[in-house]
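Asker: Dropping the structure in here first, questions after.
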Amino acid sequence: MTTGQPGTGKARPTSVGADAEIGPATASATGTPAQPARTFDTASQSGDSDPAKSDTAEDSDATKDGDAAKDGDATKDEKAGDAEGEAKPVGPERWEAFASAPEPVPSVFSRAGRAVGRFLIHEWTLATLGALALAGLMTWPTLRYPRYTLPQDYWDPSLQAWQMAWSGHILLTDPARLWQSNTFFPELWSFAFSDTLLGYAPAGMLGSGPEDAVLRYNIMFVLAHALATLGAYALARQLGAGRIGAAVAGVSYTYAPWLLAQAGHLHVLSNGGIPLALAMLARGHGWSLRHGYRPERRHDGWVYAGWLVAAWQLSLGFGIGLPFAYIMAGTVLVVVVLFYARRLRTGQAVPFGRRLFVADLLGGLLFAGVGLLMAFPFFKVTELHPYAERTIRDISIFSPPASGFVTAPAESRIWGGLHEGARAALPWHPEMTLLPGFVLYALAAGGLFFSVWRLRHRLLLLAGVLVTMAFAMGTRFFDGTFTYVPLFDHVPGWSALRTPGRLMLWATLLLGLLAAGAVTALTDRVRELTAERIPSWPGPWLRLATLLPLLLVTVEGLNSTPHPVVPTQPAAMRMAEGPLLVLPSNQSLDQHVMLWSTSGFPDVVNGGSGFTPRQLDDVRRVSQSFPNQTSVDYLRTLGVRTVVLLRGQVAGTPWEISIDAPVESLGISRQDVGDAVVFRL
């Protein structure tokens, strides 16, 4: 075999022995590919520590093999290398310029930039940003004047703005007094007179005063919508729906027309923790509706996160949280029964794992512990005020008929005006207009026949929809004999829920999952069709058409919710010394007083909630004749030191005449402060 000598083009015999070497870019004259060069490290190759001795042995072997290459320069180089105690590569490396460049090592900044870029285009980042943007648009103009207006009305939202402010304030200053609020003075456990939104306490720690309380409420109002969309999206994705199908589930769950009537009830709209917790728990247990149980996907971290989110959801209030708690308990029971039934049937142990068991045990205990701690003050309120308990007659007042499921509230931009006559036929339409959306109904119906879910799963979802609707009717479904009444009579805490229609939340979620299955099947089919077509030019238009269900569901959720301006805090409230009473006093005006009291949180007799304590009833009755000796003595007995009488509210009341009556003989003083009169007792 001959090779060309580098640089000469002459052929020479070459040994093919084990120690024969060629230059890094040398090729045979016959076109044989060049072999990779081996750099001499004579000491290491021979195992001898003497470099000169190793070089001599190498040269001798090459001569015996008949190597005829005797380049003078190479010999000189080798001798020079011997003299220096190190070997040189054999042959020139002039072709290295044609080798591929080494892969550059990225800097810290470039690696950080790539990580940020991957994060920004990740599905969950885009889903979160999309949910936030959609919430801002769909709740507009909530954020137009967030310090001065409130959505729907300024009564219950004022109460809930105070609730967030109080919980944040008292947890920073005196946590032991959390349930003994500054309102309804001198009642005990007054913070438990209604749902508390305690889970929003961290937000209540920021800012002070009525304007900050209103701003905080509006921000949380928008964020609650975003979380609900993201939570339902996550649940649908975990169960196996595609992105567009999951988006349909998220939007329909959050912006269902019936929820527009609840715009003044933040504790009802704050429901995003329900689907989010279910999604996390399903993810941690490696289960999905489409793929079943996959043990290799188990992860106890998601289980802990799911139970933590569930506990936080429960802390927002029992109006939504109590049904959630019982559904969680029932789900755990059913899963355990099915787990052991499968084990007995197959005779094989289903993989679960000790870590997952510990996560469920600790998470379940946390969830139950939060529920019990939250329930204790409410049981104390029931004990002190037994007349506050609901009766089945109260439930009947708010129980919607079947026509409510196809009737939209006035706040619906699409259906509100068209359903005005249907609303007029309902006894209490704010809690009886329960339309989840005609588009959602149609998509869910289609999902019964064309879906990625298995048939048995579709039937189970349909059964869940029908059962929850029956319960949502309260006493209107066969007088509630087989549905609501047994729960009311035997399930702890259920008697406190006076509005059965809010159970429509669960029917809406299940309808959204049925719709997600149908839309996912549609998008999968479109993807298959576009992949098969040649040419594929209709493909983009077909894929764009799959967004139509999402667009229709979004449009049906458009609102015309009013945003009235919140009454301005009277200057007298900023300087009045507590305990104080603000007159006139009634359920609606007292909710404003609660909001105004966020400036310093003085003790106030006023308060508005789901029920009125008898002592507050007595105060309102006796103070009708204020200022006179009887009312002054009674208020002094309660510990009241200041009475603020609002001039703008006295028209048509007894104070319209007595507001300027002399008070010197009563031993009290009077001072005009802005549009109010301050009496100091």
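The values are calculated or read from the model by the stated rules, or taken from the named source; none is laboratory data. All values reported here derive from a predicted model rather than from experimental measurement. Heads up, the Cβs are rebuilt from the backbone with ideal geometry, glycines too, and the neighbour counts pull from every protein chain shown. Surface areas here come from the heavy atoms of the whole protein model, side chains and all, with no ligands, DNA or RNA. Shrake-Rupley method; radii C 1.70, N 1.55, O 1.52, S 1.80 Å.
Asker: Out of curiosity, is residue 344 open to solvent by 20 Å² or more (accessible area, probe 1.4 Å), more than 27 Å from the chain's Cα centre (by Cα) and farther than 19 Å from residue 272 by Cβ?
Answerer: Considered against the rule, which asks whether it is open to solvent by 20 Å² or more (accessible area, probe 1.4 Å), more than 27 Å from the chain's Cα centre (by Cα) and farther than 19 Å from residue 272 by Cβ, residue 344 comes out as yes.
Asker: State all residues of segment 426-451 that are in a loop (DSSP other than H, G, I, E, B), closer than 17 Å to residue 519 by Cα and hydrophobic (A, V, I, L, M, F, W, C); if no residue qualifies, say none.
Answerer: 448, 449, 450
Asker: I've got another one for you. Hey, residue 153 hits all of (1) farther than 26 Å from residue 577 by Cα; (2) within 24 Å of the chain's Cα centre (by Cα); (3) not hydrophobic (A, V, I, L, M, F, W, C) but one; which does it fall short on?
Answerer: That leaves (2) as the condition not met.
Asker: Looking for something open to solvent by less than 20 Å² (accessible area, probe 1.4 Å), part of a helix (DSSP H, G or I) and within 19 Å of residue 394 (Cβ to Cβ) - is there at least one such residue anywhere in segment 459-469?
Answerer: There is no residue in segment 459-469 that is open to solvent by less than 20 Å² (accessible area, probe 1.4 Å), part of a helix (DSSP H, G or I) and within 19 Å of residue 394 (Cβ to Cβ).
Asker: Restricted to segment 393-420, and to residues that are among the aliphatic types (A, V, I, L, M) and crowded, with 16+ Cβ neighbours inside 10 Å, which residue is nearest to residue 187 (Cα to Cα)?
Answerer: It comes out as 395.
Asker: Now a separate question. Can you go through 246, 263, 213 and tell me which one is closer than 24 Å to residue 282 by Cβ, open to solvent by less than 10 Å² (accessible area, probe 1.4 Å) and either touching a residue at least 12 places away in the same chain (Cβ under 8 Å) or touching a helix residue (DSSP H, G or I) at 6+ places or on another chain (Cβ under 7 Å) (or both)?
Answerer: Of the residues listed, the single one that is closer than 24 Å to residue 282 by Cβ, open to solvent by less than 10 Å² (accessible area, probe 1.4 Å) and either touching a residue at least 12 places away in the same chain (Cβ under 8 Å) or touching a helix residue (DSSP H, G or I) at 6+ places or on another chain (Cβ under 7 Å) (or both) is 246.
Asker: Considering only residues that are under 14 Å from residue 399 (Cα atoms), open to solvent by less than 60 Å² (accessible area, probe 1.4 Å) and over 31 Å from the mean Cα position of the chain (by Cα), which ones fall in segment 474-500?
Answerer: Once the filter is applied, which keeps residues that are under 14 Å from residue 399 (Cα atoms), open to solvent by less than 60 Å² (accessible area, probe 1.4 Å) and over 31 Å from the mean Cα position of the chain (by Cα), segment 474-500 yields 475, 480, 485.
Asker: Run residue 193 past the list (1) open to solvent by less than 20 Å² (accessible area, probe 1.4 Å); (2) of a type in the set (A, V, I, L, M, F, W, C); (3) modelled with pLDDT of 95 or more and report the number of the one that doesn't hold.
Answerer: Of everything listed in (1) open to solvent by less than 20 Å² (accessible area, probe 1.4 Å); (2) of a type in the set (A, V, I, L, M, F, W, C); (3) modelled with pLDDT of 95 or more, residue 193 misses just condition (3).
Asker: Out of the residues in segment 651-672 meeting the condition of being of a type in the set (Val, Ile, Thr) and out of contact with any strand residue (DSSP E or B) (no Cβ under 8 Å at 6 or more places or on another chain), tell me which one is most open to solvent (accessible area, probe 1.4 Å).
Answerer: 657
Asker: Out of all the residues in segment 582-614, which are farther than 30 Å from residue 172 by Cα, open to solvent by 10 Å² or more (accessible area, probe 1.4 Å) and either outside any loop (DSSP other than H, G, I, E, B) or in contact with a Cys (Cβ under 6 Å, 6 or more places away or on another chain) (or both)?
Answerer: 614
Asker: Within segment 347-365, count every residue that is farther than 17 Å from residue 282 by Cβ and either more than 27 Å from the chain's Cα centre (by Cα) or in a loop (DSSP other than H, G, I, E, B) (or both).
Answerer: 4
Asker: Listed residues 549, 570; which is under 30 Å from residue 177 (Cβ atoms) and either crowded, with 17+ Cβ neighbours inside 10 Å or within 31 Å of the chain's Cα centre (by Cα) (or both)?
Answerer: Selected residue: 570, the only one of 549, 570 that is under 30 Å from residue 177 (Cβ atoms) and either crowded, with 17+ Cβ neighbours inside 10 Å or within 31 Å of the chain's Cα centre (by Cα) (or both).
Asker: When you scan segment 471-553 for helices (runs of 4 or more DSSP H) that lie fully inside it, which ones turn up with 3 or more residues that are modelled with pLDDT of 90 or more?
Answerer: Answer list for segment 471-553: 484-490, 504-532.
Asker: On to the next question. Would you mind stating whether residue 330 is over 22 Å from residue 179 (Cβ atoms) and surrounded by fewer than 19 Cβ atoms within 10 Å (Cβ to Cβ)?
Answerer: Considered against the rule, which asks whether it is over 22 Å from residue 179 (Cβ atoms) and surrounded by fewer than 19 Cβ atoms within 10 Å (Cβ to Cβ), residue 330 comes out as yes.
Asker: Can you tell which of 423, 390, 456 is of a type in the set (D, E, K, R), open to solvent by 10 Å² or more (accessible area, probe 1.4 Å) and assigned to a loop (DSSP other than H, G, I, E, B)?
Answerer: 390
Asker: Here's something else I'd like to know. If a residue must be part of a helix (DSSP H, G or I), open to solvent by 30 Å² or more (accessible area, probe 1.4 Å) and closer than 20 Å to residue 203 by Cα, how many such residues does segment 118-167 contain?
Answerer: Residues flagged as part of a helix (DSSP H, G or I), open to solvent by 30 Å² or more (accessible area, probe 1.4 Å) and closer than 20 Å to residue 203 by Cα within segment 118-167 amount to 3.
Asker: Go through (1) modelled with pLDDT under 95; (2) surrounded by fewer than 16 Cβ atoms within 10 Å (Cβ to Cβ) one by one and return the number of the condition residue 219 breaks.
Answerer: Of the numbered conditions (1) modelled with pLDDT under 95; (2) surrounded by fewer than 16 Cβ atoms within 10 Å (Cβ to Cβ), the odd one out for residue 219 is (1).
Asker: Which one is farthest from residue 292 (Cα to Cα) among residues in segment 411-444 that are among the small types (Gly, Ala, Ser) and touching a residue at least 40 places away in the same chain (Cβ under 8 Å)?
Answerer: Taking the candidates together, the pick is 416.
Asker: Of the residues 305, 368, 329, which single one is within 30 Å of residue 613 (Cα to Cα) and part of a helix (DSSP H, G or I)?
Answerer: 368
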